[in-house]
Ligand SMILES: Nc1ncnc2c1ncn2[C@@H]1O[C@H](COP(=O)(O)OP(=O)(O)OP(=O)(O)O)[C@@H](O)[C@H]1O
Ligand SMILES: [Mg+2]
């Protein structure tokens with residue numbers, strides 16, 4: 001004895017249908033609340049995922065950035081400058097780190113701040129942004145729009161360019177076409193690394209033998225270096241990357257010097273020459289090209305350390321910090337950044353929550369009205385054998401259905417808006433050649449949670465009206481007009 | 001040998017209106033046997049409806065005992081009382097009390113829906129009962145599409161579908177013209193002939209005289225007119 005499960009549903013449905021306009025209003029309120037909650041949560045989740053994916057695609061989740069300086073965060077540490085009080089990042093330090101557990105790879109990086117302009121064919125010259133170098137051993141990964149990484153570290157004259165350059169040079173729709181093309185990199189005028197054309201020291205020596213003014217000294221001229229493009233990458237628009245070995249060659253201070261022995265030899269020769277009445281050609285000092293490695297002097301800009309699992313980055317970073325250097329993981333950085341998203345998410349969901357509370361009050365109102373209107377009907381049901389609990393369940397179910405339907409339509413509506421937003425965002429992303437698509441996402445668990453929540457809200461809102469309906473006495477309900 | 005099916009002892013039902021206490025039932029004792037046809041008459045406000053509501057489990061007395069078909073209603077839990085209303089009692093009201101949004105057949109099925117009878121089964125039975133009252137062709141009509149007499153016939157079908165032992169009709173002809181009223185009374189008579197105990201509340205002496213016994217209410221007190 002007792003009403004069948006399916007009959008509760010069909011009765012509840014029919015009752016909602018019979019008071020169509022009022023049900024629709026109650027559902028509409030829930031839809032508004034649900035749609036706003038859904039969109040807000042989807043935005044936050046989507047932004048989080050997008051953010052996360054950016055790090056994931058470039059392998060940064062398994063990375064630790066080691067820095068000569070302590071106390072920088074992950075982002076700062078990637079472009080930290082060398083400093084006086086820092087611990088020098090030498091090969092010795094690198095070897096120590098490589099010996100640690102869970103460390104699977106390491107590359108030194110060096111900033112190559114020697115270029116001022118870059119050009120390709122007859123296309124407009126571009127100013128040079130940051131130029132970084134690394135060992136192409138798989139620790140640092142790029143998102144390539146065309147081409148790929150350096151095949152080996154000794155790739156002198158090979159570069160990876162940022163997307164902006166390719167765009168500026170007119171390869172926006174065909175990044176592939178720029179691969180293998182040559183670019184000309186113009187150095188600043190104090191560049192004296194490998195490839196620089198140093199002024200002939202003898203000419204200079206002759207000119208200023210008798211002493212000359214500062215402006216008469218032959219100035220070092222900018223050098224133009226040629227390089228071949230091997231890849232176009234998307235995540236750092238105006239960056240250029242070089243293989244570390246080439247960078248080592250570029251980061252050299254070269255100059256002509258006269259060694260002590262040569263100086264003595266020259267002085268002797270000159271004295272002899274003068275003593276002989278300046279007979280024959282004037283003896284000239286012998287110049288030697290001296291090269292000073294900046295890397296050896298200053299150490300690497302950073303080490304990028306690859307760890308086997310994201311979960312081990314923090315522990316390894318801690319171990320590395322014992323060497324007196326700075327070490328940060330993307331993981332901890334992301335977590336601190338995600339904290340912001342969580343706060344935004346809570347605030348937005350809170351606003352949506354208030355909308356849902358208002359909607360719940362709407363349901364209470366709708367159902368109390370329904371109880372009043374259907375008092376006689378309740379009396380009839382009671383007279384022919386409905387229990388209090390039957391009446392109570394029926395009204396609770398009706399309210400739950402309002403919540404459920406509101407949730408379903410709200411999700412559907414929210415999904416529609418999200419899809420529209422994604423279409424728009426996707427065109428924007430495509431325009432910027434970012435590979436991610438459908439950034440705002442609506443995961444299944446969110447759909448279930450939201451619909452579940454609105455159903456529960458409906459149910460809770462229905463409790464009071466249902467109680468009122470159930471406590472009606474049959475005779476009194478029947479007498480009600 | 002007549003078996004008592006309804007026994008009331010010193011049943012009192014009072015209403016309090018401000019400082020005034022109204023005795024709708026004032027120490028009513030009563031015995032009705034199985035299969036009897038009882039008419040209850042009396043002036044308006046004398047307590048007739050209150051009496052049948054108490055018997056039908058729609059109302060509960062302040063004091064006294066009500067035993068129907070061996071059920072003691074006085075201290076019955078609501079759930080059991082609901083089952084009692086569903087199974088033992090059939091109720092027909094003056095104002096029909098049909099659910100306006102439901103079809104005729106749905107109205108008749110309602111007691112079976114509440115007791116969990118399967119959809120095909122209850123539809124079949126409701127159709128049968130509507131056929132016997134002559135409404136077999138109106139199954140999917142709404143109450144508003146029927147005449148008053150047809151609505152009351154529907155209400156009778158609903159009261160009978162649970163095969164109750166006792167059928168209570170509280171002024172069943174009150175809203176009908178005399179011809180329709182006559183029709184209803186004939187049907188009720190037929191039901192009683194088949195063994196169902198019948199209690200009819202009426203103002204009309206002619207109607208009352210159809211019954212085996214006439215009970216008269218006045219100011220909450222009961223007297224027997226004819227045996
Ligand atoms: N809910 C109530 N509150 C107060 N008084 C009530 C209530 N229900 C009934 N009464 C009173 O109880 C008395 C009996 O009422 P009841 O409805 O049983 O009379 P009745 O004989 O059926 O009258 P009628 O012939 O008009 O239907 C009346 O005086 C009525 O006013
Ligand atoms: Mg009455």
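The values are calculated or read from the model by the stated rules, or taken from the named source; none is laboratory data. What you are looking at is a predicted structure, and each value in this text was computed from that prediction instead of being measured. When we count neighbours, we look across all protein chains shown, and the Cβ atoms used for this are built from the backbone with ideal geometry, even at glycine.
The table for this structure:
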read-out: Among (1) within 12 Å of ligand 1 (Cβ to nearest atom); (2) farther than 22 Å from residue B:203 by Cα; (3) touching a residue at least 24 places away in the same chain (Cβ under 8 Å), the one test that residue B:20 misses; value: (3)
read-out: Selection status of residue B:44, within 30 Å of residue B:222 (Cα to Cα), within 16 Å of ligand 1 (Cβ to nearest atom) and assigned to a loop (DSSP other than H, G, I, E, B); value: yes
read-out: Residue ID - farthest from the other protein chains (Cβ to nearest Cβ), chosen from residues in segment B:75-94 that are part of a loop (DSSP other than H, G, I, E, B) and more than 12 Å from the chain's Cα centre (by Cα); value: B:75
read-out: Criterion: under 53 Å from the mean Cα position of the chain (by Cα), within 14 Å of another protein chain (Cβ to nearest Cβ) and at pLDDT 95 or above - qualifying residue of A:405, A:394, A:401; value: A:394
read-out: Any hit, segment B:56-63, residues being surrounded by fewer than 17 Cβ atoms within 10 Å (Cβ to Cβ) and more than 10 Å from ligand 1 (Cβ to nearest atom); value: yes
read-out: Verdict on residue A:457 being crowded, with 19+ Cβ neighbours inside 10 Å and either under 30 Å from residue A:373 (Cα atoms) or within 14 Å of chain B (Cβ to nearest Cβ) (or both); value: yes
read-out: Strands (runs of 3 or more DSSP E) lying entirely in segment A:266-364 (those with 1 or more residues that are assigned by TED's automatic domain parsing to the domain that holds residue A:202 and either at pLDDT below 90 or surrounded by fewer than 16 Cβ atoms within 10 Å (Cβ to Cβ) (or both)); value: A:288-293
